[in-house]
Amino acid sequence: YFAMVIAQLLFYTLALVGWAMRKHVHLPTLIYVPFYFCTMNLAAFFGMIRHLRQTQNVNWKKAKR
């Protein structure tokens, strides 16, 4: 179990490093994958919260050209 805890802490640490370096043009794969995984999970979580609160608008607006 200890090795799994260390691996998970390393994964989330790499995600935090990715968040700190998000302004860079290209992140190394070792940092990008944990950062992307955590970012997408956070987006899904916040989307679910918006859905449960019924504040999510399902209508699309046409883009101005």
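Each reported figure results from applying straightforward, stated rules to the coordinates on display, with no laboratory input. Not measured: the values here are computed from a predicted model. Ideal geometry is used to build each Cβ from the backbone, glycine not excepted, and the neighbour counts take in all protein chains shown.
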TODO: Any chance you could give the angle, 0 to 90 degrees and rounded to 10, that helix 2-20 forms with the longest Cα principal axis of the chain?
DONE: 50 degrees
Open item on the list: Over the chain, with a Gaussian network built from C-alpha contacts below 10 Å, which listed residue (Val17, Val25, Val33) shows the highest mean-square fluctuation?
Closed with: Val25
TODO: State whether the chain is rounded, prolate or oblate according to the following rule on the C-alpha gyration tensor (a ≥ b ≥ c being the square roots of its eigenvalues): a/c under 1.5 gives rounded; otherwise a/b larger than b/c gives prolate, and the remaining case gives oblate.
DONE: oblate
Task: Size of charge dipole - the chain - debye, nearest 20, with Cβ of Lys, Arg +1 and Asp, Glu -1, no other charges - done: 660 debye
Task: Using alpha-carbon coordinates, inclination of helix 29-52 to the longest axis of the chain, degrees - done: 40 degrees
Task: Computed over the chain: relative contact order in percent, which uses C-alpha pairs under 8 Å that are six or more apart - done: 25 percent
Task: Inter-probe distance in nm under a simple model that places probes 7 Å from Cα toward Cβ, at Asn41 and Leu16 - done: 1.5 nm
